[in-house]
Amino acid sequence: MSVTKEQVVDALKQVIFFKKRDNIVNLNMVKDININGKEIKVTIVFEKLDDPAVGIVYKSAVSSIKNVLGQDLIIDVQPVTDDEHRPLSGVKHVIAVISGKGGVGKSTVAANLAIALSKTGNKVGILDADVLGPSVPIMFGVEDGRPGIIEKNGKTLLVPLENYGIKILSIGFFVKPEQALMWRGSMANNAFNQLMKDADWGELDFLVIDMPPGTGDIQLTLAQNYNIRGAVLVSTPQKVAVADVRRAAMMYRQEKLTIPLLGLIENMSYFTPEDMPEKKYFIFGQGASDKLANELNIKVLGRLPIVEKVTETGDGGMPITLVDSSPVSEEFMNIAKKLKSTIEQMG
């Protein structure tokens with residue numbers, strides 16, 4: 001009986017990389033499989049070849065293939081490091097923008113944060129990882145766009161769209177606006193992985209990821225599979241919203257899932273009438289965000305007021321930080337500077 005790649009892949013799913021608590025197939029560590037009769041060559045990518053786990057994974061891979069497919073097989077496992085093929089190898093800092101619930105303006109914050117970082121002299125990309133509710137294409141005025149495709153080192157890669165100097169990818173580019181995505185978690189997770197690792201992001205200072213709300217499969221995949229510089233929390237002042245973002249934050253502080261929390265942005269913080277700029281009305285309350293920031297030992301990076309023009313510019317495909325010099329735009333610029341300072345202090 002001839003052995004197929006699919007059978008080898010299934011056998012390798014039994015090989016656990018304990019540091020990241022998942023199998024080497026799901027962790028995208030299996031780079032190549034070559035079969036020549038009874039000879040099977042498997043290439044497995046590691047971050048460092050001097051990691052003690054390399055030997056453990058090597059022995060486990062050989063054992064699993066033989067146990068499943070036959071003891072007479074000749075197995076050659078090649079551990080490699082491959083920066084050229086590693087996802088996001090040209091990206092200096094990956095920043096996840098997260099919230100505990102929908103409706104807090106997370107996508108608006110992510111889009112304007114990307115613009116603000118770009119305006120401070122950085123090369124920036126944005127990935128819309130909210131696969132069930134993609135909105136970044138609308139905010140950047142590219143909802144009718146389609147990413148390109150190139151061949152690079154024998155691999156087919158997506159080429160992000162670009163607008164306002166920002167590289168952009170979203171699942172929204174691949175589905176019709178009226179199409180409902182009734183996907184199970186694994187399907188959404190696979191789509192996220194493709195946008196991350198099968199894209200030619202090139203050289204970037206920052207990749208801002210607009211994460212889906214909550215604590216699901218995509219959040220776990222992000223923490224386990226990718227080198228993330230940190231997460232920015234987004235919440236409104238209500239206690240309910242803050243309680244939900246606390247759960248999202250604590251997910252990344254679990255053992256083996258640690259991603260640094262870079263700070264909290266309070267959206268819809270207050271309302272100021274145009275004819276009374278000295279007035280602030282705290283419609284959704286005060287204090288809950290500060291309490292959470294103190295609890296997590298992080299900074300409040302900024303407080304964004306409720307302004308109609310934020311919605312107008314986002315719906316019009318030009319985020320407010322790009323087109324306006326209002327207090328909201330200035331606050332986003334301040335947030336970008338604080339975020340960069342926080343990252344620099346982390347070393």
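The values are calculated or read from the model by the stated rules, or taken from the named source; none is laboratory data. Owing to the predicted nature of the structure, the values given are computational and were not obtained by experimental measurement. Using ideal geometry, Cβ is built from the backbone for each residue, glycine included, and neighbour counts are taken over all protein chains shown.
Annotations
- Subset of the range 237-280 that is among the hydroxyl-bearing types (Ser, Thr, Tyr) and within 25 Å of residue 341 (Cβ to Cβ) - its residue that is farthest from the chain's Cα centre (by Cα): 270
- Here the range 302-330 is the region considered, the condition is being under 27 Å from residue 290 (Cα atoms) and charged (D, E, K, R), and the residue that is surrounded by the fewest Cβ atoms within 10 Å (Cβ to Cβ) is 308.
- Only a single item in (1) of a type in the set (D, E, K, R); (2) closer than 20 Å to residue 192 by Cβ; (3) touching an Asp or Glu at 6+ places or on another chain (Cβ under 6 Å) is not met by residue 22, and it is number (3).
- Per-region count, the range 259-314, residues under 20 Å from residue 333 (Cα atoms) and acidic (Asp, Glu): 3
- Residue match in the range 279-287 (condition: assigned by TED's automatic domain parsing to the domain that holds residue 244, over 24 Å from residue 164 (Cα atoms), of a type in the set (Val, Ile, Thr) and modelled with pLDDT under 90): yes
- Residue in the range 128-138 that is in a loop (DSSP other than H, G, I, E, B), of a type in the set (A, V, I, L, M, F, W, C), more than 18 Å from the chain's Cα centre (by Cα) and farther than 18 Å from residue 200 by Cβ present: no
- Any chance residue 344 is more than 23 Å from the chain's Cα centre (by Cα), loosely packed, with under 15 Cβ neighbours inside 10 Å and either more than 30 Å from residue 168 (Cα to Cα) or free of Cβ contacts under 8 Å to residues at least 60 places away in the same chain (or both): no
- Unmet criterion (only one of (1) aromatic (Phe, Trp, Tyr); (2) surrounded by 15 or more Cβ atoms within 10 Å (Cβ to Cβ); (3) more than 25 Å from residue 198 (Cβ to Cβ)) for residue 46: (3)
- Cβ-Cβ under 6 Å pairs, at least 6 apart or on other chains, the range 322-340 side not assigned by TED's automatic domain parsing to the domain that holds residue 166, far side of a type in the set (A, V, I, L, M) and in a helix (DSSP H, G or I): none
- Residue match in the range 50-59 (condition: more than 20 Å from residue 196 (Cβ to Cβ), acidic (Asp, Glu) and outside the structural domain of residue 189 (by TED's automatic domain parsing)): yes
- Residue within the range 250-270 that is in contact with a strand residue (DSSP E or B) (Cβ under 7 Å, 6 or more places away or on another chain), surrounded by 15 or more Cβ atoms within 10 Å (Cβ to Cβ), closer than 22 Å to residue 112 by Cβ and of a type in the set (Phe, Trp, Tyr) present: yes
- Exactly one residue out of 138, 98 is hydrophobic (A, V, I, L, M, F, W, C) and crowded, with 22+ Cβ neighbours inside 10 Å: that is 98.
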